[in-house]
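For reference, the structure is listed below as C-alpha cells.
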Amino acid sequence: MLQIHNNLTRQKEEFKPLDANNVRMYVCGMTVYDMCHIGHARVLVVFDVIYRYLCEVYGKDHVTYVRNITDIDDKIIARANENGENFNALTGRFIEEMHHDSDALGILSPNQEPRATMYMAQIIEMVQTLVDKGFAYAADNGDVYYAVSKFEKYGELSGKHIEDLRAGERVAVEDAKKDPLDFVLWKAAKPDEPSWDSPWGKGRPGWHIECSAMSTECLGHNFDIHGGGMDLQFPHHENEIAQSEAATGEKFANVWMHNGFVRIDDEKMSKSLGNFFTIREVTKKYDPEVLRYFILTSHYRSPLNYSDKQLDTAKAALTTLYTALRGVEITAPDSRDTEYHQRVCNAMDDDFNTAEVLPVLFDLAKQVNRYKDSNEEKAKYFAALLSDIASMIGLLGQDPEAFLRGGSSVRGGDEGVSADEIDALIEQRNQARIAKDWAESDRIRDELKAQGVVLEDSGGVTSWRRE
RNA sequence: GGCGAGGUAGCAGAAAGGCUAUGCAAGUGAUUGCAAAUCACUCUAAUGUCGGUUCGAAUCCGAUCCUCGCCUCCA
C-alpha cells in the first residue's frame, strides 16, 4: 500500500488515485534562462523516481507525468536583452541544455512537457474566467490581478493566514493593486517586450497562472499529484490552488509533494544566493550517475548537503556495485516475486524511501560477489536481480566497464593514458609477472596508479578502472 | 514577528516504544608474489539538553538550546 506525505494535510496518507487507469502527476519544472544546477537535478531525480514507482505499481501505460517549462518571464526577458538575443532563441537553447542534463542523469521523459508560450489561449481563457467570476480585476495600468481576499481557502497549503501575511508584508505596495497580497495574472507589456494579444491589451502571463492553465489543460481540473521544490509551496502553489479552484469550482490537486533543498554549508543553494553548482560543472568531475546516487541517499523531503566529499562517497558506493556486476552476463532480468523486490516495494511504499532501497542493492551485490568464482549460474541470477532492482530507481543502467573506466580525467576531457596504452602496459606487466620480475611488475602498476588507473588481478585476469 | 522542518556513530544517512540499517572511513582474518578487488568477522551512539509517561524510549509527552526553510524571484 503506497503511502505519500501530503503537504496539503501535512501527513502521510494512503495514495488513492482518482483513476487507477490513469494516475496523473504534474511537476513544476524549470524556468529556462540558464543552465540547470544541482537543485534542479534533485527535482528531476526525485520525481523521476516517483514516476518510475508509480509506473511499477499502476503500469507504465496508466501514469501520466507532466513537467512544464516556463519559457516566458522577467528573468528570461532580462537575460535575452543582456545577450541581445531573441527570447525564443534563448529559451530554445536552454531547453536543449536541460534535456542534455536530464538525459545524463537518467531521467525518463515526462509524457508531456508543456511550454507556457504554447498555452497562451488557455492562460488567457482562465484569466478571463477569473475576471468573470469576480476573483480577478483589471487594474488601470493594464495588469490583471487576482483578489486574494475573494478566495476563502487562501493559505490552506502553506498554513499561512491572510492576517499574518499582511503583518509580515515587506513588499512595497504597487499602486495598481487593491490589496498588497494580490498577485498578477496578466502583465501589460512594456515597450519592446514580447507580448501576446489579450482582452486587456498586449501583455504576458504571470508565472502562477501558467502552471494552473497548463496542468488543467493537460490533466483535467482535478488530478492526483502536484509536485515541485519546497520553495514553491508559497506563494506559487498556494496561488495555483486559488486560481484553479476559483476558475473550475473543483478541487485542484489531491496530493501536494515538495522536495527538500540542496544546501551548501547548511545554506540553501540558489541562484539568488549565488552559491550554486551547475549539473554540467559537477558532471565534469563525476559520472552523472554519481550525482543521481547521491540524491537518492537521503529522503526526498530532507535537506541534502552537497560537498565533494559526499560525491566521493557516492562514487565509491557505485563503484562497489558496478564492480560486482563487472564480468557477469546479465540475462533476462525479472525480480518480481523475490524478497528483494518486496523489500524495495516496502521501502518505496513508505513515502518513496529511496535510502532504504540502497541496502537491498548491496545485499544483492554481495551475493553476486560470493558466487562469482564458484557458481556462475547463481552469480548471473543475482546480477540479473541486482540490475533489475536498481533500474526501479534508475541506477546501474550503464555498462559496468564503461562506468569503472570513466574516471574524472576522462570526464574532464583529458583522458591521460588511453585504454590501448593501459592494455599494452598490462600485457607488459603480465610478462614480467610470468618471469616473476616483481620489481618491473610493481613499477608498471605504480606508474598507472600515478595516472589514476587502478589494476585489479582477480580470477586470473587483470582488469582496470579509473579513480 | 508568523508558519514549518530538523538535531542519530569519524562522515553521510535510514529505521524506530524492546529485535543487525546501509554506504564511506577504520581494524582483524582469508585470499594475493605484494597489492587491489572480494569474502568472513570486528568496531564506534547511552540517538542535542533537562524532565515526564512506560516493565522498557533514540522512538510518546513537556520544557529548553541549536540549525535550517518559507513569509520576495527561486527546484
Taking the residues in region A:233-262 that are of a type in the set (D, E, K, R) and more than 14 Å from RNA strand B (Cβ to nearest atom) as candidates, determine which candidate is nearest to A:R301 (Cα to Cα). A:K251
Looking only at region A:240-255, which residues are surrounded by fewer than 24 Cβ atoms within 10 Å (Cβ to Cβ) and either within 21 Å of A:W186 (Cβ to Cβ) or not basic (K, R) (or both)? A:E245, A:T248, A:G249, A:E250, A:N254, A:V255
Which residues, taken from region A:26-77, are without any contact (Cβ under 8 Å) to a residue 12 or more places away in the chain and within 15 Å of RNA strand B (Cβ to nearest atom)? A:D74
Scan region A:288-296 and give yes if some residue there is under 15 Å from the mean Cα position of the chain (by Cα), within 13 Å of RNA strand B (Cβ to nearest atom) and without any contact (Cβ under 8 Å) to a residue 40 or more places away in the chain, otherwise no. yes
Checking A:D312 against (1) farther than 14 Å from A:F382 by Cα; (2) touching a helix residue (DSSP H, G or I) at 6+ places or on another chain (Cβ under 7 Å): exactly one of these is not met. Which one? (2)
For the structure I just gave you, tell me whether A:A121 is of a type in the set (A, V, I, L, M), more than 31 Å from the chain's Cα centre (by Cα) and assigned by TED's automatic domain parsing to the domain that holds A:E245. no
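Within region A:367-384, work out how many residues are surrounded by fewer than 14 Cβ atoms within 10 Å (Cβ to Cβ) and not in a loop (DSSP other than H, G, I, E, B).
2
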Within region A:430-467, of all residues that are among the small types (G, A, S) and touching a strand residue (DSSP E or B) at 6+ places or on another chain (Cβ under 8 Å), the one nearest to RNA strand B (Cβ to nearest atom) is A:S463
Looking only at region A:78-112, which residues are without any contact (Cβ under 8 Å) to a residue 24 or more places away in the chain and of a type in the set (D, E)? A:E82, A:E85, A:E96, A:D103
Would you mind stating whether A:D265 is over 19 Å from the mean Cα position of the chain (by Cα), within 27 Å of A:M1 (Cβ to Cβ) and more than 7 Å from RNA strand B (Cβ to nearest atom)? no
Scan region A:92-116 residue by residue and report those that are touching a strand residue (DSSP E or B) at 6+ places or on another chain (Cβ under 8 Å) and farther than 24 Å from A:L395 by Cβ. A:I95, A:Q112, A:P114, A:R115, A:A116
If the requirement is being among the polar types (S, T, N, Q), under 26 Å from the mean Cα position of the chain (by Cα) and within 18 Å of A:H299 (Cα to Cα), which of these qualifies: A:T354, A:T320? A:T354
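In this structure, is A:G206 within 10 Å of RNA strand B (Cβ to nearest atom), modelled with pLDDT of 95 or more and touching a helix residue (DSSP H, G or I) at 6+ places or on another chain (Cβ under 9 Å)?
Working: within 10 Å of RNA strand B (Cβ to nearest atom): yes; modelled with pLDDT of 95 or more: yes; touching a helix residue (DSSP H, G or I) at 6+ places or on another chain (Cβ under 9 Å): yes.
It is true that A:G206 is within 10 Å of RNA strand B (Cβ to nearest atom), modelled with pLDDT of 95 or more and touching a helix residue (DSSP H, G or I) at 6+ places or on another chain (Cβ under 9 Å).
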Would you mention how many residues in region A:107-121 are surrounded by fewer than 19 Cβ atoms within 10 Å (Cβ to Cβ) and farther than 19 Å from A:A188 by Cβ? 7
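The values are calculated or read from the model by the stated rules, or taken from the named source; none is laboratory data. Please read all numbers here as calculations on a predicted model, not as lab measurements. Cβ sites come from the backbone with ideal geometry, for glycine too, and all protein chains shown count toward neighbours.
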